[in-house]
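Colleague: Sharing a structure with you now.
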Amino acid sequence: MVTSKGGGQTIGETLGGFHSRLEKISDTPDLDAQVLLAHQMKRSRSWVMAHPEIFLTVSQISALEEGIARLEGGQPLAYILGAWEFFGLQFEVTPDVLIPRPETELLVEKAIKWLKEYPSRDGAMKVMDVGTGSGCISIAIAVSVSDINITATDISTAALMVAGKNAERMQVSDRITFIEADLFPLISTSNPCSLIVANLPYIPTKTLYKSSVYGREPTLALDGGPDGLVIIRRFLEEATTWLLPGGRLLFEIEASEGPAAKFMASRTFPNALITLHKDLSGRDRLVEVQT
């Protein structure tokens, strides 16, 4: 337990002192400071909050100051921490990958539910994760469903290195094959998939350049072209040769793209059942294609 008075400030005093600085740049200034301090103390945030009277050392205060300064400089909290929680799991994240979002958990939930309800009768179910990034989608699925083999692709070599580390740390690397590819692998489609999942770049270019996320996370993982659907359009066309009859395709979209994305999917898969799912905020977020 940290009880040294070398720093001259308690946890409560130190966190309070950073509030005014962080409230200028964050909607959750207290949370950000608590998370930063908990990370550098190697304690839980709940522990930090429960011990406001504990005195911090000079080095601990200095480390927190450094983190606050990086936040003020525009760096996302997740990159400062080097990790972020998604679907109850801790993923390594770097500036080479998109920070996992809570709304993407909807895709994972739908994928896991379907895999468990419709298990393969011919061995392990084959799954494709297109644009894997940190690997959070495929890894979360693999942790929850054992009898599957996943191929996860990304155009970024650096992103695949992060995803590979995450898979090894969570002990699912034996069931996930990572391949560098622009969407689908450049290999024979003689072995198609029962499930295809994707969280591809979908923010319209003009919208992205005006947003607070621009320049803070990789543009490659965010820019969806003029209408936000350029990459998704190509993804759907290529998916027709990879998806098995009776399979599922799940892909995330920007909230304003629901009707357009659903129409595009129905034209690409004219005989499929297309469903548009909303996230917890009531916004269009996920398109499901049932062949």
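The values are calculated or read from the model by the stated rules, or taken from the named source; none is laboratory data. Everything numeric in this text was worked out from a predicted model, so none of it was measured. Cβ coordinates were reconstructed from backbone atoms using ideal geometry, including for glycine residues, and neighbour counts include every protein chain displayed.
Colleague: Might you let me know whether the stretch 161-175 holds any residue that is assigned to a strand (DSSP E or B), surrounded by 23 or more Cβ atoms within 10 Å (Cβ to Cβ) and in the same structural domain as Cys193 (by TED's automatic domain parsing)?
Modeller: No, that holds for no residue.
Colleague: Looking at the stretch 234-285, which of the residues that are over 21 Å from the mean Cα position of the chain (by Cα) and of a type in the set (Lys, Arg) is surrounded by the fewest Cβ atoms within 10 Å (Cβ to Cβ)?
Modeller: Arg267
Per-residue answers, yes or no, for (1) of a type in the set (Ser, Thr, Tyr); (2) outside any loop (DSSP other than H, G, I, E, B); (3) within 13 Å of the chain's Cα centre (by Cα); (4) surrounded by fewer than 18 Cβ atoms within 10 Å (Cβ to Cβ):
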residue	(1), (2), (3), (4)
Gly123	no, no, no, yes
Lys126	no, yes, no, no
Asp129	no, yes, yes, no
Gly133	no, no, yes, no
Ile137	no, yes, yes, no
Ala140	no, yes, yes, no
Thr153	yes, yes, no, no
Ala158	no, yes, no, yes
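Colleague: Taking the condition of being surrounded by fewer than 15 Cβ atoms within 10 Å (Cβ to Cβ) and of a type in the set (Ser, Thr, Tyr), how many residues in the stretch 25-45 meet it?
Modeller: Total satisfying the criteria: 2.
Colleague: While we're on this one: For the stretch 131-163, what are the residues that are of a type in the set (Ser, Thr, Tyr) and modelled with pLDDT under 95?
Modeller: Correct list: Ser146 only.
This table checks each residue for (1) touching a residue at least 60 places away in the same chain (Cβ under 8 Å); (2) buried (at least 18 other Cβ atoms within 10 Å of the Cβ); (3) at negative phi; (4) not in a helix (DSSP H, G or I).
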position: Arg21; (1), (2), (3), (4): no, no, yes, no
position: Trp47; (1), (2), (3), (4): no, no, yes, no
position: Pro52; (1), (2), (3), (4): no, no, yes, yes
position: Ser62; (1), (2), (3), (4): no, no, yes, no
position: Glu65; (1), (2), (3), (4): no, no, yes, no
position: Ile68; (1), (2), (3), (4): no, yes, yes, no
position: Tyr79; (1), (2), (3), (4): no, yes, yes, no
position: Lys116; (1), (2), (3), (4): no, no, yes, no
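Colleague: I would also like to ask the following. Would you confirm, using the coordinates I've provided, whether Pro201 is farther than 22 Å from Ser138 by Cα and either part of a loop (DSSP other than H, G, I, E, B) or among the aromatic types (Phe, Trp, Tyr) (or both)?
Modeller: Considered against the rule, which asks whether it is farther than 22 Å from Ser138 by Cα and either part of a loop (DSSP other than H, G, I, E, B) or among the aromatic types (Phe, Trp, Tyr) (or both), Pro201 comes out as no.
Colleague: Across the stretch 238-291, what is the total count of residues that are part of a loop (DSSP other than H, G, I, E, B), touching a helix residue (DSSP H, G or I) at 6+ places or on another chain (Cβ under 9 Å) and among the hydrophobic types (A, V, I, L, M, F, W, C)?
Modeller: Selection size over the stretch 238-291: 4.
Colleague: Turning to a different aspect of this structure: For Ile187, are the conditions met, namely being touching a strand residue (DSSP E or B) at 6+ places or on another chain (Cβ under 6 Å) and on the phi < 0 side of the Ramachandran plot?
Modeller: no
Colleague: I'm trying to understand the selection: among the residues of the stretch 204-233, which are over 15 Å from the mean Cα position of the chain (by Cα), closer than 23 Å to Lys110 by Cα and assigned to a helix (DSSP H, G or I)?
Modeller: Scanning the stretch 204-233 gives Ile231, Ile232, Arg233.
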